[in-house]
Amino acid sequence: MNTNYRKSLKGTGLDYFDTREAVEAIQPGAYDKLPYTSRVLAEQLVRRCDPAVLEDSLKQIIERKQDLDFPWYPARVVCHDILGQTALVDLAGLRDAIADQGGDPAKVNPVVPTQLIVDHSLAVEHAGFDPEAFEKNRTIEDRRNEDRFHFIEWTKTAFENVDVIPAGNGIMHQINLEKMSPVIQARDGVAFPDTCVGTDSHTPHIDSLGVIAIGVGGLEAETVMLGRPSMMRLPDIIGVKLRGKRQPGITATDIVLPITEFLRKERVVSSYLEFFGEGAANLTLGDRPTISNMTPEFGASAGLFYIDEQTIDYLKLTGRDAEQVALVENYAKTTGLWADSLTNAEYERILEFDLSTVCRNMAGPSNPHRRLPTADCRLPTWLSVVLPARGKRRKVKCLMVL
Amino acid sequence: MPDGAVIIAAITSCTNTSTPRNVVAAGLIARKANELGLSRKPWVKTSFAPGSKVARLYMQEAGLLPELEKLGFGIVAYACTTCNGMSGALDPKIQQEIIDRDLYATAVLSGNRNFDGRIHPYAKQAFLASPPLVVAYAIAGTLRFDIEKDALGTDKEGSPITLKEIWPSDEEIDAIVAEYVKPEQFNQIYNPMFDLGVVEEAESPLYDWRPQSTYIRRPPYWEGALAGERALKGMRPLAVLGDNITTDHLSPSNAIMLDSAAGAYLHKMGLPEEDFNSYATHRGDHLTAQRATFANPKLLNEMCRDENGEVIQGSLARIEPDGQQTRMREAIESYMARKQPLCIVAGADYGQGSSRDWAAKGVRLAGVEAIVAEGFDRIHRTNLVGMGVLPLEFKAGETRETYSIDGTEIFDVVGERTPRAELTVIMHRNNGERVEIPVTCRLDTAEEVSVYEAGGVLQRFAQDFLANTV
């Protein structure tokens, strides 16, 4: 950890890194124009980056250049039982290799806190009209996956910094949202924004809380677990301004599907999106995660909301303790991560989406960005194109054979 | 069962069940449907799999869980389920009817992906919808239906009931959420779940590998070909490929069939076919997972052509210099036995799709040392480096076609590997001709060079670790 720009965070007994000051020392007036993502990425550079390359790295962010990789040190790694398990198998194999060569295998541990949630292994063999479906499905899951679950349970007892939430407890991203993310971390006397990499493309679910969370491959997760930085190039950061208010009877699902269709068309591949505007502020409690969740369906890497009153309300609702909630508000307001302090943020590109235009929607077939308004389900085109008559299908098949 | 039948209606996925308004709306629409005597169609496999146990508490307290149960949406799991393609088996009678009548069956789910074939092999197409709409489709039972206007049933007086009569108002939803979703419920569920307390320490820091397991096996990164030197000399192409090779081509994820290389292996290991599980679940056992390498039946390896010169689709390869065309797995095993260094030649955007590390592990275990392509997917390229496979990029305008590469050649790589250095691939043709191909070394940073030279991420870590502690 670096020492420059470290200051006391009023009323908390914790310190923080004054990123604004570090940025302004390079270019006065620059911090106010930085998007949310840039502020968070700059903070971890000021806190962790080798001082020899700090200025060059910060300049990438300030001058919005994309010609140099800079390090990213995520605060956590979250995994599910498919890729997370293979990563831990690799680490267990690594221990064997270290032991074979005379090293102490017990010293091989993830240095970044790693949380593994078993959620990918249950098949719905028994449906919801069977009153014992839950117990029966769990029994089958345990039978089929006995070897895997034995290993996963062992990792919890053998590795430091690995927590395991066993099968039957929920979905990784939802538990991350409702419990695991503190939004602002407090470690070793320092407060800093929570960030994570996850071995699943829907990891950006908690971007809805203002936490940069990115889906990565298993090997990249292993790299981060072992304490090496994930090297990143400054991404395209795009502002998505949400206007208007939803119509009565419209759900968060109805909203995210046309947003998916819209953002796909706008080509936001690999970019970091930041949702803002009165529409974003009005989205009711719990609706934002539905939108951030579908970030990979937009084609983007991240889909963030700023921290604001809604974030605080959600943290309170989900039972986070009062001191932690106060820290989130205090830190966000002190360091410019609170929505009000981002009104001057400048984006190379801003897209606008009007929530008041949203009707009841589905998506399909075949693609999540193929929106299908329910009002169109009566159209002859829907019946003929989406669900071709059997005779026609046969004809198509024949044509394909020819 | 009608054509267009909804055979799966699933309230599932973190996408929608982390939004209490959505879950409550599903409960409210179920309550109204029950009041009016509506029910699910018998061919619909209904399920409710919330992403957190908190949903059970607030739905129970609001009296809405029994309403969902009555319509067939009892809780089946707290896991990804249908959204992850784990929809489970259909009722055999329903499945048979779909096959016999060539029915066009569909799934409606509150998830985030609906690619064809992902949700269930017999649900030809899948549709994403909000949880209350999923309930409505379970009642309708078909997609050949005007969900806004057609009658979902009739009330006691015989009048038609349409969606708008059972759709809950925002006020009803908000009132339930305000009254019944509470911080205490989150604490009740999560405090014990995360009270990990003092975890009993494992007896040994080393795992006692189960030799018969097809799921978990000690990884071989310090053994065999992987422990050897990567000389980047005398490499033969395992495959010559076109553009847009995805990680699904390189290492598929879906169900393992008996007639595949992995299926044959699992059969040999004594696993019953119904418990083969998916490729994804076996990625902790390299002996199963490496048999997925290029196992995709849609692969087009340009080295394998029919008598008219057309590329044959399939998991195929041609063993050189013999020229024998075989299944990909047999070619890999034959090359492994000969300790033949390999390479892959490909077109643009090599390795796009899901960020699957086995797409890199699989080729490395097969003995591939370098990949020469017109371009690489971002995440896949980092995975290749992490596995110690050298990514090399053709110069703009040059391709496997401009060099007429047909797979009979032998390749060497020469030059000093520094970030984005210009290296030379020396191609020796069968007729003795020697061609120099300039390429860009796609180790992009000094860190990547250091990882590559060690043999990969884990080897780098092991070397640094031993250097610092022994």
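The values are calculated or read from the model by the stated rules, or taken from the named source; none is laboratory data. Remember, it's a predicted structure, so these values are computed and weren't measured experimentally. Please note: Cβ atoms are built from the backbone with ideal geometry, for glycine as well, and neighbour counts cover all protein chains shown.
I'd like to know if region B:34-56 contains one or more residues that are part of a helix (DSSP H, G or I) and more than 22 Å from residue A:317 (Cβ to Cβ).
Yes, that holds for at least one residue.
Looking at region A:79-102, which of its residues are in contact (Cβ under 8 Å) with a residue 40 or more places away in the chain, at the interface with another protein chain (Cβ under 7 Å from one of its Cβ atoms), farther than 17 Å from residue A:202 by Cα and touching a Gly at 6+ places or on another chain (Cβ under 9 Å)?
Passing the criteria: A:85, A:86, A:89, A:90.
Of the conditions (1) more than 7 Å from chain B (Cβ to nearest Cβ); (2) closer than 28 Å to residue B:72 by Cβ; (3) in contact with a helix residue (DSSP H, G or I) (Cβ under 9 Å, 6 or more places away or on another chain); (4) in contact (Cβ under 8 Å) with a residue 12 or more places away in the chain, residue A:143 clears all except one; give me its number.
(4)
Given the criteria surrounded by 21 or more Cβ atoms within 10 Å (Cβ to Cβ) and among the hydroxyl-bearing types (Ser, Thr, Tyr), does residue B:246 qualify?
Judged against the criteria, residue B:246 is not a match.
Go through region B:304-338 and count every residue that is free of Cβ contacts under 8 Å to residues at least 40 places away in the same chain and assigned to a strand (DSSP E or B).
Qualifying residue count for the region: 10.
Conditions first: (1) in contact (Cβ under 8 Å) with a residue 60 or more places away in the chain; (2) closer than 30 Å to residue A:200 by Cβ. Residue A:32 passes all but one, so which condition is the exception?
In the conditions (1) in contact (Cβ under 8 Å) with a residue 60 or more places away in the chain; (2) closer than 30 Å to residue A:200 by Cβ, residue A:32 misses (2) alone.
Could you list, in sequence order, the residues of region A:1-57 that are in contact with a strand residue (DSSP E or B) (Cβ under 8 Å, 6 or more places away or on another chain) and among the hydroxyl-bearing types (Ser, Thr, Tyr)?
Of everything in region A:1-57, those that are in contact with a strand residue (DSSP E or B) (Cβ under 8 Å, 6 or more places away or on another chain) and among the hydroxyl-bearing types (Ser, Thr, Tyr) turn out to be A:5, A:8, A:12, A:16, A:36, A:37, A:38, A:57.
For region B:156-173: of the residues being farther than 18 Å from residue B:131 by Cβ and surrounded by 15 or more Cβ atoms within 10 Å (Cβ to Cβ), which is farthest from the other protein chains (Cβ to nearest Cβ)?
Selected residue: B:161.
State all residues of region B:182-213 that are more than 30 Å from residue B:286 (Cα to Cα) and of a type in the set (Lys, Arg); if no residue qualifies, say none.
B:182
Can you confirm whether region A:228-251 contains a residue that is among the β-branched types (Val, Ile, Thr), under 26 Å from residue B:133 (Cα atoms) and either outside any strand (DSSP E or B) or touching a strand residue (DSSP E or B) at 6+ places or on another chain (Cβ under 8 Å) (or both)?
Yes: region A:228-251 contains one or more residues that are among the β-branched types (Val, Ile, Thr), under 26 Å from residue B:133 (Cα atoms) and either outside any strand (DSSP E or B) or touching a strand residue (DSSP E or B) at 6+ places or on another chain (Cβ under 8 Å) (or both).
Based on what the data block shows, is residue A:343 under 22 Å from the mean Cα position of the chain (by Cα), in the same structural domain as residue A:265 (by TED's automatic domain parsing) and among the hydroxyl-bearing types (Ser, Thr, Tyr)?
Values: under 22 Å from the mean Cα position of the chain (by Cα): no; in the same structural domain as residue A:265 (by TED's automatic domain parsing): yes; among the hydroxyl-bearing types (Ser, Thr, Tyr): yes.
For residue A:343, the condition - under 22 Å from the mean Cα position of the chain (by Cα), in the same structural domain as residue A:265 (by TED's automatic domain parsing) and among the hydroxyl-bearing types (Ser, Thr, Tyr) - is not met.
Which pairs turn up if I take residues in region B:292-303 that are under 11 Å from residue B:246 (Cα atoms) and look for partners that are buried (at least 21 other Cβ atoms within 10 Å of the Cβ) with beta carbon separation below 6 Å, at least 6 apart in sequence or on another chain?
B:294/B:315; B:294/B:328; B:296/B:249; B:296/B:252; B:299/B:249; B:299/B:315
Does residue B:382 meet the test of being closer than 28 Å to residue A:223 by Cα and of a type in the set (Ser, Thr, Tyr)?
In short, yes.
What helices (runs of 4 or more DSSP H), lying completely within region B:372-470, carry at least 1 residues that are away from chain A (no Cβ under 14 Å)?
B:446-454
Could you tell me which of the residues A:112, A:164 is in contact (Cβ under 8 Å) with a residue 24 or more places away in the chain, more than 7 Å from chain B (Cβ to nearest Cβ) and in a loop (DSSP other than H, G, I, E, B)? Can you show your working first?
Numbers: A:164 fails: in a loop (DSSP other than H, G, I, E, B).
Every option except A:112 fails the conditions.
Consider residue A:256 carefully, then state whether it is assigned to a helix (DSSP H, G or I), assigned by TED's automatic domain parsing to the domain that holds residue A:337 and under 18 Å from the mean Cα position of the chain (by Cα).
Working: assigned to a helix (DSSP H, G or I): yes; assigned by TED's automatic domain parsing to the domain that holds residue A:337: yes; under 18 Å from the mean Cα position of the chain (by Cα): yes.
So residue A:256 passes the test.
Hey, among B:133, B:143, which residue is touching a Gly at 6+ places or on another chain (Cβ under 7 Å), at the interface with chain A (Cβ under 10 Å from one of its Cβ atoms), buried (at least 20 other Cβ atoms within 10 Å of the Cβ) and not β-branched (Val, Ile, Thr)? Before you say what the answer is, go through the steps one by one.
Working: B:133 fails: touching a Gly at 6+ places or on another chain (Cβ under 7 Å).
Of the residues listed, the single one that is touching a Gly at 6+ places or on another chain (Cβ under 7 Å), at the interface with chain A (Cβ under 10 Å from one of its Cβ atoms), buried (at least 20 other Cβ atoms within 10 Å of the Cβ) and not β-branched (Val, Ile, Thr) is B:143.
Checking residue A:315 against (1) closer than 24 Å to residue A:9 by Cα; (2) surrounded by fewer than 19 Cβ atoms within 10 Å (Cβ to Cβ); (3) within 14 Å of chain B (Cβ to nearest Cβ); (4) of a type in the set (A, V, I, L, M, F, W, C), only one condition comes out false. Which one?
With (1) closer than 24 Å to residue A:9 by Cα; (2) surrounded by fewer than 19 Cβ atoms within 10 Å (Cβ to Cβ); (3) within 14 Å of chain B (Cβ to nearest Cβ); (4) of a type in the set (A, V, I, L, M, F, W, C) applied to residue A:315, the lone miss is (2).
Can you tell me which of (1) surrounded by 22 or more Cβ atoms within 10 Å (Cβ to Cβ); (2) at positive phi is the one residue B:285 doesn't meet?
The failed condition is (2).
For a quick check of your reading: which helices (runs of 4 or more DSSP H) sit entirely within region A:1-102 and have at least 3 residues that are closer than 25 Å to residue A:329 by Cβ?
Values: elements: A:19-26, A:36-48, A:51-62, A:83-100.
The helices (runs of 4 or more DSSP H) meeting that bar are A:19-26, A:36-48.
I need the full set of residues from region B:191-247 which are more than 30 Å from residue A:151 (Cα to Cα) and more than 23 Å from the chain's Cα centre (by Cα), in order please.
B:229, B:230, B:231, B:232, B:233, B:234, B:235, B:236, B:237, B:238, B:240
Got at least one residue in region B:339-347 being without any contact (Cβ under 8 Å) to a residue 60 or more places away in the chain, in the same structural domain as residue B:399 (by TED's automatic domain parsing) and either under 19 Å from residue B:407 (Cβ atoms) or not charged (D, E, K, R) (or both)? It would help to see each step written out before you state the result.
Restricting attention to region B:339-347, the residues satisfying the condition of being without any contact (Cβ under 8 Å) to a residue 60 or more places away in the chain are none.
No: region B:339-347 contains no residue that is without any contact (Cβ under 8 Å) to a residue 60 or more places away in the chain, in the same structural domain as residue B:399 (by TED's automatic domain parsing) and either under 19 Å from residue B:407 (Cβ atoms) or not charged (D, E, K, R) (or both).
Residue A:326: in contact with a Lys or Arg (Cβ under 7 Å, 6 or more places away or on another chain) and modelled with pLDDT of 95 or more, yes or no? If you could, list the steps in order and put the result at the bottom.
Numbers: in contact with a Lys or Arg (Cβ under 7 Å, 6 or more places away or on another chain): no; modelled with pLDDT of 95 or more: yes.
No.
Which residue, of A:297, A:329, A:323, is more than 13 Å from residue A:240 (Cβ to Cβ) and within 14 Å of chain B (Cβ to nearest Cβ)?
A:297
Please find, within region A:279-305, the residue that is surrounded by the most Cβ atoms within 10 Å (Cβ to Cβ) out of those that are charged (D, E, K, R) and at pLDDT below 95.
Out of the qualifying residues, it is A:297.
So, of the residues in region B:102-125 that are within 16 Å of residue B:84 (Cβ to Cβ), free of Cβ contacts under 8 Å to residues at least 40 places away in the same chain and touching a Gly at 6+ places or on another chain (Cβ under 8 Å), which turns out to be nearest to the other protein chains (Cβ to nearest Cβ)?
My answer is B:114.
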